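Notes follow the structure.
The values are calculated or read from the model by the stated rules, or taken from the named source; none is laboratory data. Quantities reported herein were computed from a predicted structural model and do not represent experimental measurements. Positions of Cβ are generated from backbone atoms using ideal geometry, with glycine treated the same way; all protein chains shown enter the neighbour counts.
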Amino acid sequence: MSGERAIHDVGGLDLGPVPRDEHPRTLYEQRVDALLMLLISPSCGAFKVDALRRVIEEYTAADYNGLSYYDRWMRAIALLLVEQGVLTQAEIDERLAAIAAEAAHV
């Protein structure tokens with residue numbers, strides 16, 4: 001170990017009080033959560049939740065700090081689907097382009 005603190009390792013740092021108020025989750029957050037639960041379920045087994053944590057912990061400081069909590073999950077899910085050979089990056093890119101095109105026509 002290098003002794004350097006990873007970007008996600010904030011234990012012991014004085015970052016102020018932890019917000020404890022509940023807020024309703026957005027539809028996007030609910031869908032990302034549901035997608036992850038399906039992908040890690042024993043019936044699918046695309047990857048383990050530990051793999052998601054590994055990918056997120058490897059983010060650069062800019063990526064980690066620049067993404068929301070659920071955006072970190074989505075990026076990690078996409079990377080793992082490619083890593084595990086479930087999808088190719090080209091397939092993901094094509095689908096994202098199709099979604100963007102559909103949204104542009106609304």
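A few comments on the model shown:
- Checklist (1) part of a helix (DSSP H, G or I); (2) free of Cβ contacts under 8 Å to residues at least 12 places away in the same chain applied to residue 32, failing item: (2)
- Test result for residue 53, among the basic types (Lys, Arg) and modelled with pLDDT of 95 or more: no
- Residues being surrounded by fewer than 14 Cβ atoms within 10 Å (Cβ to Cβ) and among the β-branched types (Val, Ile, Thr) - total across the range 54-74: 1
- Inspection of the range 61-71 identifies at least one residue that is closer than 30 Å to residue 4 by Cβ, touching a residue at least 12 places away in the same chain (Cβ under 8 Å) and among the hydrophobic types (A, V, I, L, M, F, W, C).
- Residue 79 at pLDDT 95 or above, assigned to a helix (DSSP H, G or I), surrounded by fewer than 12 Cβ atoms within 10 Å (Cβ to Cβ) and under 17 Å from the mean Cα position of the chain (by Cα): no
- Applying a threshold of 7 Å to beta carbon distances and a minimum spacing of six or more residues, or different chains, the list of pairs starting in the range 35-59 at a residue that is among the acidic types (Asp, Glu) and ending at one that is not in a helix (DSSP H, G or I) reads 57/6; 57/8.
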